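> There's a structure below that I have some questions on.
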Amino acid sequence: MKNLFRFFSFGFILTSADCLAKPNLPSPATAVSARHFHNLSAEDINGKPTLFSEYKGKVVLVVNTASQCGYTSQYRGLEALYQKHKSKGFVVLGFPSNDFGGQEPGSNAEVKKFCELKFKVTFPMFSKANVTSIPRSPVYEFLSVQNPNAETRKTPQWNFWKFLVDKSGNVMNAFPSSTEPDSAEVNAAVEKLLTAKK
C-alpha cells in the first residue's frame, strides 16, 4: 500500500508539471523580437484608434510633445518639416506627455486646441501618453525597450525627443530634444529614408 501511494504521488507530480509546462509558447526573447512598429496602435487625440499598419511604406517621425516647455516652439519646425515632405510619404506623429516637468497638464481637447490655434499643426496628434512613467505607452515601450536597433533604443530624456522610422518600420535615428526638427541634420536623415528603396 505504501508503494502504491508513492506511485500515485509520483504520477500526480508528473501530471502537475505537465499541466504547468508551456512547451509550445515562445520564449520571452522570441516574443519581444516579434514586436514591430507597424503592429502597434494608439488612440488619436480625438480618441479614435489608429493602426500603425497604415504607416507602412512611409517615413515616420515620432515626437513626445508638451505645451509648456522651453522646446514647445518646435511645433513650428515639426509642422514645417511635415509640410515639406508629406507629399513624398512622410508623416509626423505627436504624442503629448506630462512625464517631464508636468509641462503638459491639459486634457486632449486642450492640447488639440493649443496646437491648432498657436502653431497651426496639421500632422496627426495622439492622446496623451506615458513616455517614461508606468504603465508606459505601447509605442514608447517599443521605441525604448523592444526596439531591435540598439543604437536607437533610447528612453527620451525630455520633451520633443524624436525617433525616425523608415518605410519598413525600423527605427533608424533618435534625435535629442535640443535637435531642431527642421534642422539640416533631421532633413538630411528624412530625405535619405524617403529616397531609399524598401
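FYI, it's all coordinate maths here, none of it is from the lab. Bear in mind the structure is a predicted one, so any value in this text is a computation, not a measurement. Here the Cβ is made from the backbone with ideal geometry for all residues, glycine too, and neighbour counts use every protein chain on show.
> What is the calculated FRET efficiency for L117 to K197, with r their C-beta to C-beta distance and R₀ = 45 Å, to the nearest 0.05?
E between L117 and K197, to the nearest 0.05, is 0.65.
> With a point put 7 Å past each Cα toward its Cβ, work out how far Q157 is from K56 in nm, to one decimal.
Simple spin-label model gives 3.7 nm for this pair.
> Evaluated at 37 °C with a viscosity of 0.692 mPa s, what Stokes-Einstein diffusion coefficient in µm²/s does region 27-195 have when Rh comes from the Kirkwood expression over alpha-carbon pairs?
Once the numbers are plugged in, D ends up at 207 µm²/s.
> Still on this structure: Pick out, in residue order, every one of the chymotrypsin sites (Phe, Trp or Tyr not before Pro) in region 126-198 that is DSSP loop and has at most 10 other C-beta atoms within 10 Å; say none if there are none.
Loop-located and lightly packed - none at all.
> Now a separate question. To two decimal places, what compactness ratio does region 115-155 give when its Cα radius of gyration is scaled by 2.2 N^0.38 Å?
1.48
> Starting from the 7 Å offset along Cα-to-Cβ, what nm value, one decimal, do you get for the label separation of S168 and R76?
If labels sit at S168 and R76, their model points lie 3.9 nm apart.
> OK, next. Among the aspartates and glutamates, which have Cα under 20 Å from the Cα of K118 when same-chain residues fewer than 8 positions away are ignored?
D44, E79, E104, E110, E180, D182
> What FRET efficiency comes out for K88 versus T132 if R0 is 35 angstrom and r is the Cβ-Cβ distance? Round to the nearest 0.05.
0.60
> Long-range amide H contacts for D44: which residues qualify at under 5 Å (H placed 1.01 Å from N, peptide plane, sequence gap of 5 or more or a different chain)?
When sequence neighbours closer than 5 places are left aside, the close amide H contacts are T50, S127.
> Let me ask something else about it. With 31 Å as the limit, write out which pairs from K113/K192; K84/K197; K58/K154 have Cα-Cα distances beyond it, or answer none.
The pairs that break the limit, which is 31 Å between Cα atoms, are K113/K192.
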